[in-house]
Amino acid sequence: MAPPKKDTEALTLRISRDLIDAIDERRRQEKDLPTRPEMIRRALIEWLEMTR
């Protein structure tokens, strides 16, 4: 595993099992099957762009 980028910060949060299951289901639709953290990053970026 590559070391984290220097301009990042770890974030810990608790989410419901239902939300985890929904994230896992959505990530299975991606061609590259991203990790959960990557899928959450993508979702946040998309949400931020939509609400800009």
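A compact table of results
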| quantity | calculated |
| --- | --- |
| Flag for LEU19 being within 12 Å of the chain's Cα centre (by Cα), at negative phi and in a helix (DSSP H, G or I) | yes |
| Any hit, the stretch 24-43, residues being outside any helix (DSSP H, G or I), more than 10 Å from the chain's Cα centre (by Cα), at pLDDT below 95 and exposed (fewer than 10 other Cβ atoms within 10 Å of the Cβ) | no |
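The values are calculated or read from the model by the stated rules, or taken from the named source; none is laboratory data. As the structure is a prediction and not an experimental result, all values here were calculated from the model. With ideal geometry, Cβ positions are generated from the backbone for all residues, glycine too; neighbour counts draw on all protein chains shown.
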